[in-house]
Amino acid sequence: MYEYITGRLTYISPSYVVLDVNGVGYQIALGNPYRYSSKMEQSVTIYVQQIIREDAHLLYGFETLAEKELFLRLLSVSGIGPKSGLAIMANEDHQGLIQAIEAGDVTYLTKFPGVGKKTAQQMVLDLKGKLTELMDDPMSLFYEGPENSDKALSEAMEALQALGYSPKEIKKVEKALAKESLQNTDDYLRAALKLMMKK
């Protein structure tokens, strides 16, 4: 029903942002809401996918059409729901994800929260050979200025929790990242997601 929503960014939480469109606030779930931190109170466009459940009408957001397309293809796999799909999309190495599917790298795929061996095998079975046209999309990202690093690290850890990582997994990466002095929440979250994929 909706292709994209353009509005003023009024709120960022670990799992969603709110866009104000003519006085109506749209709550949009994102894999990494903090990628929009530098856009507070500015007009932004987010591509959306509406998912209707018995108890809720939800909007899932993406920066590019290619990201949205990748999300929809992930949802076509049995065992992957919107929350898992978003958690997979949060790790912004989409080329790495596509390459892992193409190569049948089940070990890499099981590093995502909520993806077991069976689901990873299903991803390879269902998507291999069907994602290559998405590989060359320049998935551009927003960058922001420096912010308080303690606050940024703790926001990034909240975002990991919202994506479904366990407290034990989060503690491990938090320790490693506490030694880094990164610029902002977005940087910490990206670094954390990279570490999650290495474990």
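All of the numbers you see were taken from the coordinates with simple rules; none came from a lab. All values reported here derive from a predicted model rather than from experimental measurement. Methodologically, a virtual Cβ is constructed for each residue, glycine included, from the backbone with ideal geometry; neighbour enumeration extends over all protein chains shown.
Modelled label-to-label distance, Lys194 and Ile52, 7 Å Cα→beta-carbon offset: nm? For Lys194 paired with Ile52, the spin-label model returns 4.2 nm.
Mean sequence separation of contacting Cα pairs (under 8 Å, at least six apart), scaled by the length of the stretch 1-113, corresponds to a relative contact order of 20 percent.
The amide H of Tyr11, built 1.01 Å from its N in the peptide plane, has Val18 as neighbours under 5 Å, considering only residues 5 or more places off or on other chains.
Output the relative contact order of the chain, whole-number percent, from Cα pairs under 8 angstrom with separation of 6+ residues.
Working: 311 pairs, mean separation 38.7, N = 199.
Value for the chain: 19 percent.
What the pair-distance distribution of the stretch 15-105 shows, using all Cα-Cα distances binned every 5 Å from zero, is 3, 12, 23, 25, 17, 11, 6, 2, 1, 0 percent. Restricting the calculation to alpha carbons of the stretch 88-136 gives Rg and Dmax of 9.9, 28 angstrom.
Suppose we flag GluC sites (Glu not before Pro) only when DSSP calls them loop and at most 13 other Cβ atoms lie within 10 Å. Which is the longest uninterrupted stretch of the chain? Intermediate values should be presented prior to the final figure.
Working: sites that count: Glu3, Glu41, Glu54, Glu180.
Of all site-free stretches, the longest is 55-179.
Here the gap between Tyr4 and Lys168, fully extended at 0.36 nm per residue and compared with their Cα-Cα distance, gives a gain of 55.4 nm. FRET efficiency for the pair Thr107 and Asn22, taken as 1/(1 + (r/R0)^6) with r the Cβ-Cβ distance and R0 = 45 Å, rounds to 0.40.
Here the calculated FRET efficiency for Leu72 and Thr132, from their Cβ-Cβ distance with R0 = 22 Å, stands at 0.90, rounded to the nearest 0.05. Think of the chain as a dipole: +1 on every Lys or Arg Cβ, -1 on every Asp or Glu Cβ, centred on the Cα centre; then among Ser43, Leu97, Asn22, Leu97 lies furthest on the positive end. Within the listed set Ser43, Ser15, Ser84, the Gaussian network model of the chain (springs between alpha-carbon atoms below 10 Å) gives the highest mean-square fluctuation for Ser43.
Roughly how many nanometres apart are two label points built 7 Å out from the Cα toward the Cβ at Ser38 and Gln99? For Ser38 paired with Gln99, the spin-label model returns 2.6 nm.
Of the trypsin sites (Lys or Arg not before Pro) in the stretch 42-92, which ones lie in a loop per DSSP and count no more than 16 other C-beta atoms within 10 Å?
Filter output for the stretch 42-92: Arg53.
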